[in-house]
Each structure stands twice: as structure tokens, then as C-alpha cells.
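J.: The structure under discussion is supplied below as C-alpha cells; questions concerning it will follow.
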Amino acid sequence: MKKDYYQILGVSKDASPEDIKRAFYKLAHKYHPDKGGDEQKFKEINEAYQTLSDQKKREQYDKFGTTFEGAQGPAGGESGFSGFEWAWGRPESFDSEFDFGDLEDVLENMFGGGFGGATRSRRKKDSRRGKDIEVDLEINLDDTLSGKETEINLYKFNTCPRCQGNGAEPGTKTKECFSCRGTGQVQQIRKTFLGSFTQYVTCPVCEGLGYIPEKPCNVCRGEGRVKSEEKIKIFVPAGVDTNQVIKVEGKGEAGKTGGKSGDLYVRIFIKRHPLFQRKGDDLYISLPISYAQAVLGNEIEIPNLEKTKILMLVPAGTESGKVLRISGKGIPHFSGFGRGNLYVKLVIKTPKNLTKRQKELLERMREEGL
């Protein structure tokens, strides 16, 4: 017999997606098993909603009924609630000041998180994970030419050297947590405008571990970690630029009682160079030349970060501000081969203190129209 999903949700066939959401929302509250409702009826409501809330499934249902492929809910043994998209708007009929931004978390625990073991294990794992750390590292522009290993000192939570992170005094045993009975989670009653709901939260006694030491470690007092200074080596790759972040896995704060350590994020800052200006992977430098060099042309030596000898020919008749390019003498590309370029801006310098002979020569040049 064909199931009438519209009748199950109590809406008309031309109901809008918002009407369908509101109808399901009301019925889910009424028939949810945790509130003493009819579990079979709730699954039927869920099946109807998953079909009518999806535009393609709804079109197929309107044409073929519940016989189309994929119309039925999940088979027995599954909770059937994994397909929900909790993107509710505020129903106009509600005047409550309840924070709808928190609704997703409530319903996830009602329908998904409360029944799924995977969600519980994920929370159990996350509850003991150490915090990530972000630090700033300032390097010279020269250091970007090739990969460089540097060392920093951090004062943070590290694994306890006495108990090796398990929180128990060496030679003693652990026992099942009396609060959660070894599950790592306890039930919590949460009140909302929908009513009171039961959800699982991390056990506050064992912090999700499921067991506690018979005798806590004398150094870390059962936490499995202590604050201390650690020297950490960081490899800074060639071509790195300001505000780029290097991730060092497992070098954040140590987790509690053997939990996974957080990660270390190193934000790079490049010191300002007295001669060169960096733009992307290209370098720019302003180089003063004399009037005679500009007029007659000359071969000059160009400064560079590698401190090698680079000679460049200044063409005769060069005007002040002319830019010349030297290929491949910039910064190495961070994620690839090759390097940027070096751009040299030639600036004709005006002498201030002239000798008598220099003045005479300039006078003669002016007379000649130069």
C-alpha cells in the first residue's frame, strides 16, 4: 500500500519546503522515543521528511509513490537519522527567545549523537587532545634563499616524565571510572523550549578516558602532563614569505592522560632588508649611478642577496628611473622550481660638493648645450 507522506506530516501536496520542515519539527518533538513517543511512528515521520525535503526525491515520489528507488528509510538496525540537514529558520508561530544557533547541537544529540557510537568515540578522543599552539618566527630575507633549520624554545604542557603520560604513579594500576562505568561519557539532561532531552557528554571525572588511576602520579597529579620548556627544531623552506604558516604536527601541547598532542603552527615574518624590497618572489633595488655613467654607459657591479659578483652594462644615454631586469636572481618559488627576478632601478645621483675643475667641466658642457 502506498504511503502518503504528505498525510503523515500533515501537509498539503503543494506545501513549501519551510512548511514541511515546520511540520516535521513539530511531529519529531511529539513522537521522539526519548520523550516517550512512538518509535515506529517517529521512523515513519523521519522517512516522510527525508523524501519530501529532497527536491529530486519529492518529484520521484509524486510520480511513482514509495516504490521508487531510495524512497524507503534505512533498513532495520540503523537509527535512520543521518540524512537530516539541520538548517532551520525561526518558525513564525514561535515567540520564544531560544537561541536557534544552538538548535543544531541539540537535535544532533537527540537524533544522531545520542545513538551513534562513532560520535561518542570521537568526543572521547577530542576531550583529551592537547591544544594547538601558534607562534611567530622572524627571519632574515637572506634565509629565504635556501631551506633553513631553526630552533625555538616553548614553555608548554609536555608528557609527564614520571608516569609517561598515563597519569598513574609508576607501579600502580588503574581502575574503572565510578562515574561513567568505563564508557567515558555520562548522560546529561538538557532543557530547551522543546522540552527536556537526554544527551551524552564527556565524563567530568575521567575526562572521557573511562578509567582513573588508583594512585595519581606524584608529579602531574594524574593529568599525564606537566608544564616545562622544550626546544623544538623547525625547518623553514626556501621561498617562504611573511604570514605563511608552517605546521609541525604533534608539537603543540601534550594531551591529557595519553591523549594526542596538539599541533604547532609557526607564522613567518620576514625582516625588512636595508637594500632590497620583496614583491612576491621578485626583488627590487634602487642603484645610484653618476651622470657620466648614465650618459656614456658603463659596466657596474650589482649587489645581491647571495653576495656573488654580478656585472651589468648600463646603456649609454640611460635616463634616471630606468629599470633593468636580471633573470633568476630573486627568491626561489615556494612550491615549484625556479626563482623570481631581480629588478634594478637606476637613479642618477646629483653631486653636491664639486671641485673647481668639475665645475669648469660642467660649465663647458652647459655651453655646449648638454
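J.: Quick check on my filter: what residues within region 267-291 are outside any loop (DSSP other than H, G, I, E, B) and not β-branched (Val, Ile, Thr)?
T.: The first filter runs over region 267-291 and keeps only residues outside any loop (DSSP other than H, G, I, E, B), leaving 267-270, 277-279, 282-289, 291.
If the condition is that a residue be outside any loop (DSSP other than H, G, I, E, B) and not β-branched (Val, Ile, Thr), then ARG267, PHE269, GLN277, ARG278, LYS279, ASP282, LEU283, TYR284, SER286, LEU287, PRO288, TYR291 are the ones that fit.
J.: Another question, then. Restricting region 208-238 to residues that are basic (Lys, Arg) and either open to solvent by less than 90 Å² (accessible area, probe 1.4 Å) or in a loop (DSSP other than H, G, I, E, B) (or both), which is nearest to CYS160 (Cα to Cα)?
T.: The first filter runs over region 208-238 and keeps only residues basic (Lys, Arg), leaving 215, 221, 225, 227, 231, 233.
Right, trim to either open to solvent by less than 90 Å² (accessible area, probe 1.4 Å) or in a loop (DSSP other than H, G, I, E, B) (or both) and you get 215, 221, 225.
On the way: LYS215: 15, ARG221: 10, ARG225: 4 Å.
Among those residues, the one meeting the criterion is ARG225.
J.: Quick check: is even one residue across region 239-248 in contact with a Pro (Cβ under 9 Å, 6 or more places away or on another chain), open to solvent by less than 20 Å² (accessible area, probe 1.4 Å) and closer than 30 Å to GLN277 by Cβ?
T.: yes
J.: Considering only region 182-205, I want to know if a residue exists there that is open to solvent by 50 Å² or more (accessible area, probe 1.4 Å), more than 26 Å from ILE133 (Cβ to Cβ), among the basic types (Lys, Arg) and modelled with pLDDT of 85 or more.
T.: First, the residues of region 182-205 that are open to solvent by 50 Å² or more (accessible area, probe 1.4 Å): 183, 187-191, 193, 196, 200, 204-205.
Remaining after also requiring more than 26 Å from ILE133 (Cβ to Cβ): 183, 187-191, 193, 196, 200, 205.
Now narrow it down to the ones that are among the basic types (Lys, Arg): 190-191.
Keeping just the survivors that are modelled with pLDDT of 85 or more gives none.
No: zero hits.
J.: Any idea how many residues of region 313-325 are surrounded by fewer than 16 Cβ atoms within 10 Å (Cβ to Cβ) and either in contact with a strand residue (DSSP E or B) (Cβ under 6 Å, 6 or more places away or on another chain) or over 25 Å from ASN353 (Cβ atoms) (or both)?
T.: Final tally of qualifying residues: 7.
J.: Residue pairs, Cβ under 9 Å, 6 or more apart or interchain, first in region 334-346 and at positive phi and of a type outside the set (D, E, K, R), second part of a strand (DSSP E or B) and crowded, with 16+ Cβ neighbours inside 10 Å. List them.
T.: Going by the 9 Å Cβ cut-off, the qualifying pairs are GLY338/PRO332.
J.: So, one more: Against the condition over 23 Å from SER146 (Cβ atoms), of a type in the set (A, V, I, L, M, F, W, C) and surrounded by 14 or more Cβ atoms within 10 Å (Cβ to Cβ), how does ALA294 come out, does it pass?
T.: yes
J.: Is one or more of the residues making up region 13-21 at pLDDT 50 or above and among the hydrophobic types (A, V, I, L, M, F, W, C)? Steps first, answer last, please.
T.: Initially, region 13-21 is screened for residues at pLDDT 50 or above, giving 13-21.
Adding the requirement that they be among the hydrophobic types (A, V, I, L, M, F, W, C) leaves 15, 20.
Yes: one or more hits.
J.: Next question, about the same structure. Which numbered condition trips up TYR284, out of (1) hydroxyl-bearing (Ser, Thr, Tyr); (2) out of contact with any Phe, Trp or Tyr (no Cβ under 6 Å at 6 or more places or on another chain); (3) under 19 Å from VAL240 (Cα atoms)?
T.: (2)
J.: Here is a check on your reading of the model: is THR257 touching a strand residue (DSSP E or B) at 6+ places or on another chain (Cβ under 6 Å), of a type in the set (Ser, Thr, Tyr) and outside any loop (DSSP other than H, G, I, E, B)?
T.: Judged against the criteria, THR257 is not a match.
The values are calculated or read from the model by the stated rules, or taken from the named source; none is laboratory data. Model, not experiment: these values are computed from the prediction. Positions of Cβ are generated from backbone atoms using ideal geometry, with glycine treated the same way; all protein chains shown enter the neighbour counts. Surface areas here come from the heavy atoms of the whole protein model, side chains and all, with no ligands, DNA or RNA. Shrake-Rupley method; radii C 1.70, N 1.55, O 1.52, S 1.80 Å.
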